[in-house]
Amino acid sequence: MIKLIILVSIFFISCDESGNEALAGCLDQTACNFNENATVDNGSCIYPEPNFNCDGDCLVDVDCNNECGGIAQLDECGVCGGDGLEDNFDCDGNCLVDVDCNGDCGGEAVLDECGVCGGDGIADGACDCNGNVEDCTGECGGSALIDYCGICMGSCEEGLPDSCDELDCFGQCYGDASVDDCGICGGDSSSCSEDDIFYLGSFNDNVLEILYSSSYDIAGFQFGISGADLIAGSGGDAELYGFTITVGNIALGFSFDGSVIPSGEGVLTNLEINIQNDVSEICITDLFVSSIDAQLPFQTGDCLPISR
């Protein structure tokens, strides 16, 4: 009985319905290996890649990258798949328009009156690019002073004290020039923007945060803190951009290598201070801020109340 079952099984596997021996192969006429003699599909059909026939021939257009059916095209500079001409340049990279003082093709930067590319020119209140002011004779950067009697380059002795112990911000003995809210000696507080300011931040554990907002690049600064003794200064953007911070009667920040604090806002520096006795508030005083070649018009923020 077992032998009979095996013989019947072999008969159905090896023969088709008509009794002929079955031939396995690909029955799909669209396949590259279609077998017209096959009677049983064994799943072996092979088809051409898209855009190709069974012989590997491309049936559609070939692009500039020699890709069959690709979409790459030559740009106006003859580069396959390129981005074409860059604004203001030809295909060889030559600038077709004017180059500004920064070397930018088509740029808009110009030299100011001080020869600085993109600079702001002579600072308000100054008479030259070095930040000098006119003396009492009108000479830019001159040293002529007003005497005790109010006469320019005079020699008044009547009532003249033995020594001059009071100089104004121009260095004139008993002069009446003062630094305005913008940090300009003899100014009228109209030259500075509310965006250009030094102001006080938090005060914790004898560390006072000095904050700033500036539309200028800052090359140096100095200021005092009323009602406090300055111990040390560190951190903030001043340290980040390589400034040296020294303290004494004032805090002074500058860079030996000409680095600047770029325009922006944030923490300028942190000052370690001791609050003096009987002080109810501390304030930024005698502020002076400069660019590489001129004094900058800055104002100071509100004083900070001190609770004991």
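Residues of the stretch 204-244 that are within 11 Å of Val267 (Cα to Cα), assigned to a strand (DSSP E or B) and touching a Ser or Thr at 6+ places or on another chain (Cβ under 6 Å): Glu209, Ile210.
Residue-wise test of (1) surrounded by fewer than 17 Cβ atoms within 10 Å (Cβ to Cβ); (2) assigned by TED's automatic domain parsing to the domain that holds Gly141; (3) part of a strand (DSSP E or B).
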position: Thr246; (1), (2), (3): yes, no, yes
position: Leu252; (1), (2), (3): no, no, yes
position: Val267; (1), (2), (3): no, no, yes
position: Asn277; (1), (2), (3): yes, no, no
position: Ile282; (1), (2), (3): no, no, yes
position: Asp286; (1), (2), (3): yes, no, yes
position: Ile292; (1), (2), (3): yes, no, no
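Of everything in the stretch 63-111 that is touching a Gly at 6+ places or on another chain (Cβ under 7 Å) and within 30 Å of Ala31 (Cβ to Cβ), the residue that is surrounded by the fewest Cβ atoms within 10 Å (Cβ to Cβ) is Asn65. Residues of the stretch 66-101 that are modelled with pLDDT of 90 or more and closer than 30 Å to Asp124 by Cα: Val99 alone. Filtered by the rule that a residue be outside any strand (DSSP E or B) and within 23 Å of the chain's Cα centre (by Cα), the stretch 294-308 gives Ala294, Pro297, Phe298.
For the stretch 55-75, which positions are of a type in the set (Val, Ile, Thr) and part of a loop (DSSP other than H, G, I, E, B)?
Going residue by residue through the stretch 55-75, those that are of a type in the set (Val, Ile, Thr) are 60, 62, 71.
Residues satisfying the conditions are Val60, Ile71.
With the structure loaded, tell me whether Ala109 is free of Cβ contacts under 8 Å to residues at least 24 places away in the same chain and over 30 Å from Cys129 (Cβ atoms) or whether it fails that test. Here the answer is no, as Ala109 does not meet what is asked. What do you reckon, is Asn102 among the polar types (S, T, N, Q), within 26 Å of the chain's Cα centre (by Cα) and under 24 Å from Asp217 (Cα atoms)? Yes.
The values are calculated or read from the model by the stated rules, or taken from the named source; none is laboratory data. For clarity, every value in this text was computed on a predicted model and none was experimentally measured. A quick note on method: Cβ atoms are made from the backbone with ideal geometry, for glycine too, and the neighbour counts reach across all protein chains shown.
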